[in-house]
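Colleague: I have a structure here, written as structure tokens, and I will follow up with some questions on it.
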Amino acid sequence: MKQIIYWHLPGFCYFRSLNLITIDLMKEFPEKFRENYHIGSVYGTFPGAIWNGGRAVFGLIPKHEIENTLKLYNEEGIPVRFTWTNSLLTKKHLDDTYCNLIMHLADNGMNQVLVNAPVLEEYIRREYPSFPLISSTTRRITDPKALQAELEKDYRLVVLDYDLNHEEVLLDELIPYAGKLEFLVNEVCYPGCPKRTQHYAHQSQMQLEYDVRATFPCPNTSTPRAFAECMTRPAFIPNEQIGNYIARGYVNFKIAGRGMPADYVKDSYLYFLVKEEHREFIRGKINGILQRVQQNASGKKA
């Protein structure tokens with residue numbers, strides 16, 4: 001029996017239509033997608049949740065829409081994974097009504113949480129023990145010994161710092177932990193960026209303060225936000241190399257896309273999930289369904 005490969009998709013709320021369409025097409029046209037690829041989770045946040053980290057997401061969503069979104073994914077057997085990775089959280093933030101409401105609504109033993117701040121991790125382990133916890137790449141663990149120690153802790157998965165994506169000697173040493181390691185395959189940030197930890201903290205501060213106008217001097221700002229450009233980045237893992245990871249037992253791969261244009265996310269899905277000769281067919285299916293979804297939404301508003 002061949003090994004199942006799990007892919008984790010971004011923006012469960014913002015890219016909800018694209019994600020659900022992709023999930024449905026994988027069931028309808030399995031022969032056009034890569035063999036043994038399954039959606040392991042959809043990650044992200046509901047707008048305005050202060051526990052969120054990595055990328056600030058503003059706004060608000062009513063309770064019934066939270067319930068509906070969770071239902072749509074969970075009925076497909078797909079966990080919703082919350083990016084509760086705000087690195088600046090303190091004890092006073094644990095009683096947040098909105099975030100706790102989300103956790104209560106999602107507390108069914110299926111959904112998951114990405115963690116960064118120890119204070120929130122301890123709180124979730126105590127108050128919501130049915131949620132599997134995943135150690136976030138925002139922790140920036142690049143020391144091999146520290147990484148091994150993290151993998152030995154009680155986490156469902158540990159998301160590798162993508163600076164280490166191609167450290168072959170290290171990856172060979174980590175084969176005993178292969179089932180617990182997740183790779184971010186298409187991150188746009190350059191490896192070794194000296195401002196990455198600061199940038200994560202800045203996004204966390206923006207989320208806590210709802211500061212939509214805050215800016216950060218990111219060296220990546222002037223870079224085109226396109227998938228084709230991302231493929232030239234040193235941390236990118238191309239399809240022709242994915243097999244080398246799978247052969248060593250690595251089976252969890254994460255597609256970046258939060259805060260990115262929809263076309264970037266769509267192109268990422270087509271590249272990683274779809275067989276090359278069927279990409280234009282699946283692209284046409286996605287575009288056609290998305291257009292109908294948008295037309296129906298416009299009709300309801302009118």
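Colleague: Considering each residue of the range 1-44, count those that are within 19 Å of the chain's Cα centre (by Cα), closer than 20 Å to PHE183 by Cα and among the polar types (S, T, N, Q), and give that number.
Modeller: 2
Colleague: Among the residues of the range 130-154, count how many are open to solvent by less than 10 Å² (accessible area, probe 1.4 Å) and over 13 Å from VAL115 (Cβ atoms).
Modeller: The total comes to 2.
Colleague: Oh, and also: Going by what's in this entry, would LEU60 be described as over 19 Å from LYS275 (Cα atoms), surrounded by fewer than 20 Cβ atoms within 10 Å (Cβ to Cβ) and at pLDDT below 95? Walk me through it before giving the result.
Modeller: Values: over 19 Å from LYS275 (Cα atoms): yes; surrounded by fewer than 20 Cβ atoms within 10 Å (Cβ to Cβ): yes; at pLDDT below 95: yes.
Considered against the rule, which asks whether it is over 19 Å from LYS275 (Cα atoms), surrounded by fewer than 20 Cβ atoms within 10 Å (Cβ to Cβ) and at pLDDT below 95, LEU60 comes out as yes.
Colleague: Which residues, taken from the range 262-300, are modelled with pLDDT of 95 or more, among the small types (Gly, Ala, Ser) and farther than 16 Å from PHE15 by Cβ?
Modeller: GLY284, GLY288
Colleague: Still on this model: Can you tell me how many residues within the range 159-208 are closer than 27 Å to PRO47 by Cα, out of contact with any Pro (no Cβ under 8 Å at 6 or more places or on another chain) and in a loop (DSSP other than H, G, I, E, B)?
Modeller: The number of residues fulfilling the criteria is 7.
Colleague: Right, ASN36: of a type in the set (S, T, N, Q), crowded, with 20+ Cβ neighbours inside 10 Å and at pLDDT 95 or above or not?
Modeller: Values: of a type in the set (S, T, N, Q): yes; crowded, with 20+ Cβ neighbours inside 10 Å: no; at pLDDT 95 or above: yes.
So ASN36 fails the test.
Colleague: Among the residues that make up the range 89-108, is at least one of them within 29 Å of GLN198 (Cβ to Cβ), among the small types (Gly, Ala, Ser) and either touching a helix residue (DSSP H, G or I) at 6+ places or on another chain (Cβ under 9 Å) or in contact (Cβ under 8 Å) with a residue 24 or more places away in the chain (or both)?
Modeller: Looking for residues that are within 29 Å of GLN198 (Cβ to Cβ), among the small types (Gly, Ala, Ser) and either touching a helix residue (DSSP H, G or I) at 6+ places or on another chain (Cβ under 9 Å) or in contact (Cβ under 8 Å) with a residue 24 or more places away in the chain (or both), one finds none in the range 89-108, hence no.
Colleague: With the structure loaded, tell me whether THR83 is surrounded by fewer than 17 Cβ atoms within 10 Å (Cβ to Cβ) and not charged (D, E, K, R) or whether it fails that test. Quick ask: steps written out before the conclusion?
Modeller: Values: surrounded by fewer than 17 Cβ atoms within 10 Å (Cβ to Cβ): no; not charged (D, E, K, R): yes.
For THR83, the condition - surrounded by fewer than 17 Cβ atoms within 10 Å (Cβ to Cβ) and not charged (D, E, K, R) - is not met.
Colleague: Counting only residues that are closer than 16 Å to GLY243 by Cα and open to solvent by 20 Å² or more (accessible area, probe 1.4 Å), how many does the range 168-195 have?
Modeller: Of the residues in the range 168-195, 4 are closer than 16 Å to GLY243 by Cα and open to solvent by 20 Å² or more (accessible area, probe 1.4 Å).
The values are calculated or read from the model by the stated rules, or taken from the named source; none is laboratory data. The model shown is predicted, which means the values in this text are computed figures rather than measured ones. Here Cβ is always computed from backbone atoms with ideal geometry, including for glycine, and neighbour counts include all displayed protein chains. For the accessible areas, the whole protein counts, side chains as well, though only heavy atoms, and no ligand, DNA or RNA atoms are used. Shrake-Rupley method; radii C 1.70, N 1.55, O 1.52, S 1.80 Å.
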